[in-house]
Amino acid sequence: MSAPIHIVLAFDDNFWAPAYTVMRSICISTHRRKDLVFHLLHLPLSDGHRHDLEGITREYGATLSWHPLDKSELFDFFVAELPASKRWPKVVYARLLLADLLPADLDRVIYLDCDMMVRAPIEQLYEMDLGAQPLGAVQDSLHPFIAGRRDMRQNAGIFDTADPYFNSGMLLIDLAQWREINLKAEVAVLAAKGWMSRLYYDQDVLNLVFRNRWQKLPWRWNTIDAHMAHEGLDPAILHYTRTAKPWGLLSGILHSSAYARWYRHVMTNELFYSFLRHRWKRWWLKKLGLRK
C-alpha cells in the first residue's frame, strides 16, 4: 500500500446520498482505492444512512473516519452566532475548524463539497505543488460579483474586486501551515467589525483570511456551475452549484446538469430513489407544518 490520501467531507443527515456519491465517484476514478481515507465531519445520521455510507468500504476497501460534530462543544460554540440559511446549513462551517477536528498528525488533506462528482484520479490533485502556500483552490468564475455583491460595490470596504477570489468547494490544504493561522481568532475579528452578515458564508471568510496566500489550481479541478457545455472540456471535478442538481428526477432527460445520467449511476439507482423519497417526505412535512 502506498501513502494514504486524506479527503474531508462535511454534511448532515439530509445530504448523505450526495456524500456517498462524491466518495464513490472518487473510488470509481482511481486505482488507489484502498489508500483513500475519507474523514466525514457529520451531524447525527440515521442508522440506515450510515449503513449506506459504509457501503464505500464494503465495495472498495476505502477507510471511513467518522467525526461526529454533535459531540463537539467547539463546533456548537463556534457556529452559534454564524449566519445560516435553508440552502446553507451551519455544517458548512466545519471546514473552518479542520485544524481542531482532524488528527494532529495529518499534513495534507483535500476538502470537497458534497455537491460534486470526481472524474479523474484524485491522487493527481492530492500531489499538486502548492508553491509553499497553505492552500490551493480554483478561482471562482463569478468572483467579482460574489465579492462585490450588489452593483459590484456593496462590499467595497471589505473586498477589492480586482483581487483573486477562490471557490471554497474544493480545497487542497497544507495542514501544517493551516494550523499556524488561528482561524477562530480571525473569524472573531471579522465579527467584531460587524462584517459577518455581509459575507457569503465561509467562502468569504476563507478568502479574507487567505488573501494573497493561496495557490491557483487549474479550473478543471473545480468546474463550477457544471452544465452540459462542460462535458466536452474533460472536467476533473464537477461542482453542481446551480439550482438544477443532477439528483433531480428529470435531470438526465432535461440535461439540466453536466453528466446527469452518469451521476445517477454513480449514486446507484437504489440510492437515487431513496434520496428522492427522502426529499419528497421532507417537502410534504414542511407543507403540512409538521417540520420547520
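The values are calculated or read from the model by the stated rules, or taken from the named source; none is laboratory data. Just so we're clear, the structure is a prediction, and the values are computed from it rather than from any experiment. Here the Cβ is made from the backbone with ideal geometry for all residues, glycine too, and neighbour counts use every protein chain on show.
Here are some notes:
- Options 176, 258, 162, 244; residue that is of a type in the set (A, V, I, L, M, F, W, C), in contact with a strand residue (DSSP E or B) (Cβ under 9 Å, 6 or more places away or on another chain) and part of a loop (DSSP other than H, G, I, E, B): 258
- Of the set (1) surrounded by fewer than 22 Cβ atoms within 10 Å (Cβ to Cβ); (2) modelled with pLDDT of 90 or more, all apply to residue 169 but (1).
- Considering residues of the range 1-32 that are surrounded by fewer than 19 Cβ atoms within 10 Å (Cβ to Cβ) and assigned to a helix (DSSP H, G or I) only, the residue farthest from the chain's Cα centre (by Cα): 28
- So residue 131, is it on the phi > 0 side of the Ramachandran plot and more than 19 Å from the chain's Cα centre (by Cα): yes
- Some residue of the range 256-269 being over 19 Å from residue 24 (Cβ atoms) and of a type outside the set (Lys, Arg): yes
- The residue that is surrounded by the fewest Cβ atoms within 10 Å (Cβ to Cβ), counting only those in the range 91-129 that are of a type outside the set (Ser, Thr, Tyr) and part of a strand (DSSP E or B), is 108.
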